[in-house]
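**Student:** Handing you a structure now.
The values are calculated or read from the model by the stated rules, or taken from the named source; none is laboratory data. Since the model is a prediction, treat every value here as computed from it, not as a measurement. Cβ atoms come from the backbone with ideal geometry, glycine included; neighbour counts cover every protein chain shown.
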Amino acid sequence: MKELEWSVEDSPSEGDVQRLADGVTSYGRALSRSMSRPIACFVRSGGEIVAGAYGRTEFNRLFVTYLWVEQALRCQGLGSGLLRRIEASAAARGCTDALIETLSDETACMYRRRGYTPLATIPNYVVRLRDTYCKRQFRRMPRVIEFETDRLRLRQWREADREPFAALCADPLVMEFLTSDRDRATADTAIDKWQSRIAQNGWGFWAVELKRINAFIGFVGMQVPAEPHPFLPCVEIGWRLAAAHWGSGYATEAAKQTLRIAFEVLALQEVLASTAVGNLRSSALMERLGMYGPEAIFEHPGVPTDNPLRRHVLYRLTRKHWDQRLHNK
């Protein structure tokens, strides 16, 4: 071995620092037989990043390096939303927990609300600020349910679904009885939410693909409605297909198999459905599925109070009635 040379440097070169980092990383991976993969989630406005989360997955763990929200947009749930999305992506990679640190007591409180547990605190870490390390254990990920019917494939969402779904949501005919915004950002947010729920729970609103042409045509599936829905706790079935594919029985075909998953795989005791008063097409589909109703007319809390679409009808199908229908076939 050549003679060793020692040096203490105030301004080490980037190359020397990188050599040191590569050596540490290589040693850690050799011990764990694990590879690091970057992971990120961004929020943009007008093409500019206004919030984001960045980290890596390694050793079956999510390491969150950066979590940032522009000052004017804080306290609106963006931080929690960013964490929720990268946690779901990390869990889909096989991660079982997440680690994150912060110098802000306020941010540490947000982490605790998200289910993180403080592991260690270093007081006076920097200028009287304490550094808090937090960890969150993920739930064991269920198997993602995907299935097929004679003509359709119900599956997890893909990036390629975003453009046709945005076009579907911009169609006035499709949205006649719906009140959500019709812009691309709203459509993308919905996909992010449903994709995350399928990854976390194994089921949700599935993307529907027409098998003969391998084309996305809409969604069918189930979800737990948001509070303060008047019939919580419950699971509701829903659908939205491109108008070009109406009248072919695709919604009925997909919804029947969705109900089979609900009762025979998930062992739910009942499934609800609702639609705006006057949406005869959806009400007729609920009745074709064997759902009982209209059981009630109620004010849907997700629709503005001055909107005539706020009045909804409720349909219901119980496990008992589902079993009876199978027995009578």
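**Student:** State which residue is farthest from PRO233 (Cα to Cα) when the search covers only segment 270-329 and only residues that are assigned to a strand (DSSP E or B) and of a type in the set (S, T, N, Q).
**Tutor:** Filtering segment 270-329 for residues that are assigned to a strand (DSSP E or B) and of a type in the set (S, T, N, Q), the one farthest from PRO233 (Cα to Cα) comes out as THR275.
**Student:** Sticking with this structure for a sec: Could you run through segment 122-168 and say how many residues are free of Cβ contacts under 8 Å to residues at least 24 places away in the same chain and surrounded by 16 or more Cβ atoms within 10 Å (Cβ to Cβ)?
**Tutor:** Matching residues across segment 122-168 total 1.
**Student:** Name the one entry in THR179, THR132 that is among the β-branched types (Val, Ile, Thr) and assigned by TED's automatic domain parsing to the domain that holds ALA90.
**Tutor:** None of the other options fit; the residue is THR132.
**Student:** I'm trying to understand the selection: among the residues of segment 292-323, which are aliphatic (A, V, I, L, M) and out of contact with any helix residue (DSSP H, G or I) (no Cβ under 9 Å at 6 or more places or on another chain)?
**Tutor:** Scanning segment 292-323 gives ALA296, ILE297, LEU309, LEU314.
**Student:** Scan segment 70-82 and give yes if some residue there is within 30 Å of THR258 (Cα to Cα), surrounded by 19 or more Cβ atoms within 10 Å (Cβ to Cβ) and of a type in the set (A, V, I, L, M, F, W, C), otherwise no.
**Tutor:** yes
**Student:** Shifting gears a bit: Of all residues in segment 169-218 being among the hydroxyl-bearing types (Ser, Thr, Tyr) and surrounded by fewer than 16 Cβ atoms within 10 Å (Cβ to Cβ), which is nearest to PRO304 (Cα to Cα)? Talk me through it step by step, then tell me what you get.
**Tutor:** Filtering segment 169-218 for residues among the hydroxyl-bearing types (Ser, Thr, Tyr) gives 179-180, 186, 189, 196.
Within this subset, residues satisfying the condition of being surrounded by fewer than 16 Cβ atoms within 10 Å (Cβ to Cβ) are 179-180, 186, 189.
Working: THR179: 9, SER180: 10, THR186: 17, THR189: 20 Å.
That would be THR179.
**Student:** While we're here: Within segment 96-117, track down each residue that is in a loop (DSSP other than H, G, I, E, B) and either within 23 Å of the chain's Cα centre (by Cα) or at pLDDT below 85 (or both).
**Tutor:** If the condition is that a residue be in a loop (DSSP other than H, G, I, E, B) and either within 23 Å of the chain's Cα centre (by Cα) or at pLDDT below 85 (or both), then THR96, ARG114, GLY115, TYR116 are the ones that fit.
**Student:** Does GLU295 satisfy the condition of being free of Cβ contacts under 8 Å to residues at least 40 places away in the same chain, acidic (Asp, Glu) and surrounded by 13 or more Cβ atoms within 10 Å (Cβ to Cβ)?
**Tutor:** Working: free of Cβ contacts under 8 Å to residues at least 40 places away in the same chain: yes; acidic (Asp, Glu): yes; surrounded by 13 or more Cβ atoms within 10 Å (Cβ to Cβ): yes.
Judged against the criteria, GLU295 is a match.
Every residue, every condition in (1) touching a strand residue (DSSP E or B) at 6+ places or on another chain (Cβ under 7 Å); (2) more than 27 Å from TRP203 (Cα to Cα), yes or no:
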position	(1), (2)
ALA51	yes, yes
ASN60	no, no
GLY77	no, no
GLU87	yes, no
GLU101	yes, yes
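**Student:** Return only the number of the condition from (1) outside any loop (DSSP other than H, G, I, E, B); (2) at pLDDT below 95; (3) among the acidic types (Asp, Glu) that ASP181 does not satisfy.
**Tutor:** Going through (1) outside any loop (DSSP other than H, G, I, E, B); (2) at pLDDT below 95; (3) among the acidic types (Asp, Glu) one by one, ASP181 breaks only (1).
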